[in-house]
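Scroll down for the structure; my scribbles are underneath it.
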Amino acid sequence: MTATLAPAPRKPKAAKRFRAFWRRWWHQLTAMRTALVLLLALALAAIPGSTFPQRSISTVDVAGYFDEHPDLAPWLDRLWAFDVYTSPWFSAIYLLLMISLAGCIVPRLGVHWKALRAKVPDAPKRMSILPYHRVLDVDANQGRARAVLKQRRWRTAVTEHEDGTFVIAAEKGYLRETGNLLFHTSIIFVLAGVAVGSLMSWYGNRILSEDKSYCNNLQQYDEYGLGAWVDETSLPRFCVTLDAFDAEFTDGGPTAYDAAVTYETAGETGKYDLQVNHPLNIDGTNVFLIGHGYTAVVTYTDRYGQTQTLHQEFLAMDAALNSEGAFKFPDANVDPETGTVDANAEVGFDAILVPTFDDSTAMLLGTDPELNNPVLALTAYTGDLGLGDGEPESVYSVNEEQIASGALTRLNEEVEVIGVGDAMTLPDGTTLTFDGVEQYAVLQVRHDPGGPVVLAGAVLLLLGLLPGLAVRRRRYWIRWNPDGTVETAGLNRNDFDGLDEECDELTAAIAPDYEPPGTHTDKSGSEQ
Amino acid sequence: MTGAEAANALFVATILTYAAAMFSYAVEYAFDKRVAKRALVAAGGADAPDDAPAESPSEAPISPVAARGAGRLGLVLTFLGTAALAASIVTRVVYTGRWPWGNMFEYTVGVALAGMVTWLVLVSRGSVPRRLGLFATFAVTMVLGTSVRVYTEAGPLVPALDSYWIVIHVTAAIAASGILLIGCVFAILHLLKRRYDRQRSDGKPIRFPLNIAERLPDANALERMTFKIHVFAFPLLTFGILAGAVWAHFAWGRYWNWDPKEVWAFIAWVVYAAYLHARVSGRSAKANAPWIAILGYAVMLFNLTAVNLVFAGLHSYAGV
Ligand code: HEM
């Protein structure tokens with residue numbers, strides 16, 4: 001800009017220009033057209049969030065994407081493709097939209113406030129320029145006009161001119177702008193609630209087998225997330241026990257899950273029948289039932305006759321709840337006399353749990369999620385399970401690297417399928433017995449103080465939207481001229497039909513002898 | 001015949017009836033020259049210019065009177081087909097003992113019903129000319145045809161869908177989608193007619209498919225009808241999305257998860273908000289508004305089909 005190079009005396013002018021520049025930008029930003037562009041930009045910006053896996057939904061899926069596209073993924077990550085809804089570019093668009101919105105609402109609030117208290121403006125001199133205009137050839141009574149308008153809740157203003165002209169001006173439909181402003185304001189409310197939520201909410205997911213308990217602290221969750229302002233030591237104290245889990249099936253599909261839980265908080269205990277769609281509320285923290293699965297119970301008897309029983313949760317692979325999991329016995333085969341551990345005599349099993357095995361077909365996997373004939377399909381390994389190396393690893397499978405490196409030896413070529421009560425015998429004579437199947441529930445615990453704000457905002461949004469769209473703002477005038485004629489006129493302040501009909505009807509109510517011109521006959525639109 | 005078979009038979013009957021209705025409307029549309037002079041809901045908009053071709057009725061193979069008879073038949077068939085469609089849905093409800101919105105097929109059929117009911121309400125109120133039923137039945141029959149591709153046996157619901165919120169949320173979404181379908185039809189008709197008018201005033205030749213627009217009502221009136229339908233549907237769509245968030249809170253523990261279905265519902269809502277703004281943002285934006293409305297419906301359709309079939313999400317089990 002040349003202004004910055006200008007000599008000192010011109011400085012005030014530069015400041016002025018600077019202000020003018022910003023004013024122009026502010027005008028631009030708060031213009032309807034900008035809102036339009038920003039809305040469309042927001043729609044566009046939301047798309048990548050559905051095409052790329054999002055960290056906020058599933059970190060596992062994001063990791064999977066990295067595995068599949070090792071070259072592309074880091075670049076996408078730099079563009080926040082896996083965190084679209086918290087990305088700077090997405091935030092920039094909606095923040096601009098919010099600023100634009102606020103900049104739009106505030107002046108309109110002022111204008112509307114004034115309009116609500118202002119007098120309805122007088123009729124224009126030439127009423128015939130208005131979209132609805134009639135010159136009455138019948139009598140109209142002034143008192144009756146006022147009564148009719150008042151009864152129909154028009155806001156009226158009466159003006160008597162010096163030349164004897166008498167005007168009643170009426171206006172209706174202020175609720176439209178009220179609704180519109182309420183609607184736009186509540187968008188900001190909803191967003192504020194979302195913001196509060198993302199800062200102050202926390203959640204944890206926990207897989208809980210029958211007869212097991214857990215307490216509300218982060219160490220006991222399988223997965224959790226904390227808002228930026230949440231102090232993990234201040235989470236409310238409570239514990240939950242899963243007493244029983246019941247899944248109902250009809251025609252091969254689940255129809256109801258039912259988790260009987262006992263909860264304990266500050267010395268109080270209670271029982272609750274937790275179901276999908278029926279969360280348990282503990283002092284504003286909700287416990288949701290979001291899934292379920294099977295827990296296989298097995299007993300391993302080692303070379304020395306020592307037994308270990310495992311309750312192992314399995315991960316569903318499909319809708320029929322064919323599930324995968326692993327049994328690991330890192331401290332098996334410890335010589336009870338010497339107490340020495342043979343690091344290469346650890347035992348592990350990869351397993352598939354089939355809830356309803358159909359032995360009349362060659363298929364291992366079943367099609368029925370209900371426990372009608374559960375079997376385990378097992379592959380046994382012995383050697384070093386690799387659990388001691390400190391690397392985190394899946395509890396649902398035996399470490400593949402150990403198998404690949406030869407640290408684990410596979411003991412059976414073909415998977416061995418055993419039913420409940422049966423046992424698989426390994427070459428060294430040790431056995432794995434399939435004791436039975438239990439169920440587990442997947443619980444999600446969530447506290448979101450922004451939720452009620454969002455809900456209130458959403459309700460206000462709807463309440464504002466209805467009148468904001470349905471109500472029409474319109475004006476009506478009736479004028480007694482000094483020459484004895486009576487004129488009426490109407491003006492739509494929103495783009496809607498029906499002005500003529502309404503005004504004619506009003507005029508007829510005021511002047512009962514008035515007969516609207518025959519405009520209705522050719523307006524039926526459809527011909528029959 | 002089992003309940004499911006009866007429902008399917010009624011469904012097939014619906015498609016056949018709508019096809020017959022479409023044909024009847026086409027006859028009226030093509031041969032009732034008189035109607036070209038009429039405006040759609042005259043209020044506000046200027047009446048259509050009298051640009052009906054000078055061709056005399058006697059030259060046409062079907063007289064205008066017969067053509068109007070065909071139109072009336074089309075309307076009766078539309079009512080019958082819609083009754084059959086409703087009966088098909090009710091039969092499914094009786095057979096399955098649950099609300100009929102449990103999978104993608106049922107959802108699509110619901111959209112078709114909502115669209116047709118919207119149309120019939122408009123015609124019955126005299127807001128639109130009967131012969132435009134040609135386009136409404138066409139659009140709805142396309143939707144029904146699509147639903148066949150995703151046909152699912154009537155069966156029970158998975159637990160998360162077993163909630164009264166499904167009734168509220170899905171019913172609102174279906175109703176909004178059905179009404180918006182008709183809104184989209186009007187947006188397209190408006191664009192056609194506008195283009196036709198421009199070509200005509202420029203003296204350019206008018207070829208298929210533009211010549212269809214000859215007997216459409218006034219472009220302005222079509223635009224206003226488009227707007228009215230969208231104004232009616234938008235709060236319903238908004239309510240449907242909000243009810244979905246409430247349901248998500250109970251079923252999945254969070255009210256908004258940016259699940260693909262939610263993302264695309266959000267996009268559709270934002271696009272429709274943009275449409276409503278475009279209409280009051282000056283002349284050029286208003287001229288583009290019908291395109292934004294069509295874009296909005298494209299997003300709705302995408303959300304109904306591709307998102308269910310392609311993207312994995314929490315909503316996918318509500319799908320096929
Ligand atoms: C988050 C962004 C926004 C959304 C989702 C939105 C949505 C809507 C909707 C649905 C309507 C029609 C319903 C009604 O009249 O109440 C509307 C109308 C309106 N909006 Fe917005 N809006 C947004 C931002 C803005 C902004 C930034 C402005 C200011 C430039 C604005 C100005 C208006 C005006 C003046 C109307 C009234 C139009 C009429 O009278 O028909 N909006 N908006």
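Taking the condition surrounded by 20 or more Cβ atoms within 10 Å (Cβ to Cβ) and within 11 Å of chain B (Cβ to nearest Cβ), does A:Arg474 pass?
Values: surrounded by 20 or more Cβ atoms within 10 Å (Cβ to Cβ): yes; within 11 Å of chain B (Cβ to nearest Cβ): no.
Judged against the criteria, A:Arg474 is not a match.
Could you grab me the full set of residues in the range A:347-396 that are among the aliphatic types (A, V, I, L, M) and either on the phi > 0 side of the Ramachandran plot or part of a loop (DSSP other than H, G, I, E, B) (or both)? Steps first, answer last, please.
Applying the first criterion (among the aliphatic types (A, V, I, L, M)) to the range A:347-396 yields A:347, A:351-354, A:362-365, A:371, A:375-378, A:380, A:385, A:387, A:395.
Selection gives A:Ala362, A:Met363, A:Leu364, A:Leu365, A:Leu371, A:Leu385, A:Val395.
Please go through the range B:113-140 and pick out each residue that is under 14 Å from B:Ala19 (Cα atoms) and crowded, with 21+ Cβ neighbours inside 10 Å.
So the first thing to find is which residues in the range B:113-140 are under 14 Å from B:Ala19 (Cα atoms), and the list is B:116, B:133-140.
Within the range B:113-140, B:Met116, B:Gly133, B:Leu134, B:Phe135, B:Ala136, B:Thr137, B:Val140 meet the criteria.
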Could you tell me which of the residues A:Leu460, A:Leu465 is in contact with a helix residue (DSSP H, G or I) (Cβ under 8 Å, 6 or more places away or on another chain) and either modelled with pLDDT under 90 or surrounded by fewer than 19 Cβ atoms within 10 Å (Cβ to Cβ) (or both)? A:Leu460
Of (1) more than 16 Å from the ligand (Cβ to nearest atom); (2) within 14 Å of chain B (Cβ to nearest Cβ); (3) small (Gly, Ala, Ser), A:Gly388 fails just (2)
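May I ask you to list the residues in the range B:256-293 that are of a type in the set (Phe, Trp, Tyr), away from the ligand (no atom under 15 Å from the Cβ) and part of a helix (DSSP H, G or I)?
Step one: list which residues in the range B:256-293 are of a type in the set (Phe, Trp, Tyr), which gives B:256, B:258, B:264, B:266, B:269, B:272, B:275, B:291.
Then keep just the ones that are away from the ligand (no atom under 15 Å from the Cβ); that gives B:256, B:258, B:264, B:291.
Those that are of a type in the set (Phe, Trp, Tyr), away from the ligand (no atom under 15 Å from the Cβ) and part of a helix (DSSP H, G or I): B:Trp264, B:Trp291.
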Here are some conditions: (1) closer than 16 Å to A:Ala46 by Cβ; (2) at pLDDT below 95; (3) within 7 Å of chain A (Cβ to nearest Cβ). B:Tyr255 meets all but one. Which one does it not meet? (1)
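What residue, of A:Trp75, A:Trp26, A:Trp89, is more than 14 Å from the ligand (Cβ to nearest atom), farther than 23 Å from A:Ala228 by Cα, of a type in the set (Phe, Trp, Tyr) and more than 14 Å from chain B (Cβ to nearest Cβ)? Working first, answer last.
Numbers: A:Trp26 fails: more than 14 Å from the ligand (Cβ to nearest atom); A:Trp89 fails: farther than 23 Å from A:Ala228 by Cα.
Exactly one residue qualifies, and that residue is A:Trp75.
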What is the one condition in (1) assigned to a helix (DSSP H, G or I); (2) more than 13 Å from the ligand (Cβ to nearest atom); (3) surrounded by 14 or more Cβ atoms within 10 Å (Cβ to Cβ) that A:Ala170 does not satisfy? (1)
Residue, nearest to the ligand (Cβ to nearest atom), within the range A:496-508, restricted to residues that are surrounded by 15 or more Cβ atoms within 10 Å (Cβ to Cβ) and either within 12 Å of chain B (Cβ to nearest Cβ) or at pLDDT below 90 (or both): A:Phe496
If you take the residues in the range A:173-210 that are in a strand (DSSP E or B) and of a type outside the set (S, T, N, Q), which one is farthest from the ligand (Cβ to nearest atom)? A:Leu208
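From the list A:Pro452, A:Pro517, A:Pro427, exactly one residue is under 30 Å from A:Met200 (Cβ atoms) and surrounded by fewer than 21 Cβ atoms within 10 Å (Cβ to Cβ). Which is it?
Values: A:Pro517 fails: under 30 Å from A:Met200 (Cβ atoms); A:Pro427 fails: under 30 Å from A:Met200 (Cβ atoms).
That would be A:Pro452, the only listed residue that is under 30 Å from A:Met200 (Cβ atoms) and surrounded by fewer than 21 Cβ atoms within 10 Å (Cβ to Cβ).
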Could you please give the count of residues in the range B:191-232 that are surrounded by 22 or more Cβ atoms within 10 Å (Cβ to Cβ) and at positive phi? 0
If the Cβ limit is 6 Å and pairs must be 6+ apart or interchain, which residue in the range A:141-159 that is in contact (Cβ under 8 Å) with a residue 12 or more places away in the chain pairs with which residue that is surrounded by fewer than 17 Cβ atoms within 10 Å (Cβ to Cβ)? A:Val148/A:Ala509; A:Ala157/A:Lys119; A:Thr159/A:Asp122
How many of the residues in the range A:374-413 are over 25 Å from A:Glu438 (Cβ atoms), at pLDDT 85 or above and in contact with a Pro (Cβ under 8 Å, 6 or more places away or on another chain)? 1
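The values are calculated or read from the model by the stated rules, or taken from the named source; none is laboratory data. Keep in mind that what you see is a predicted model, and the values were worked out from it rather than measured. Every residue, glycine as well, gets a Cβ built from its backbone with ideal geometry; the counts of neighbours run over all protein chains shown.
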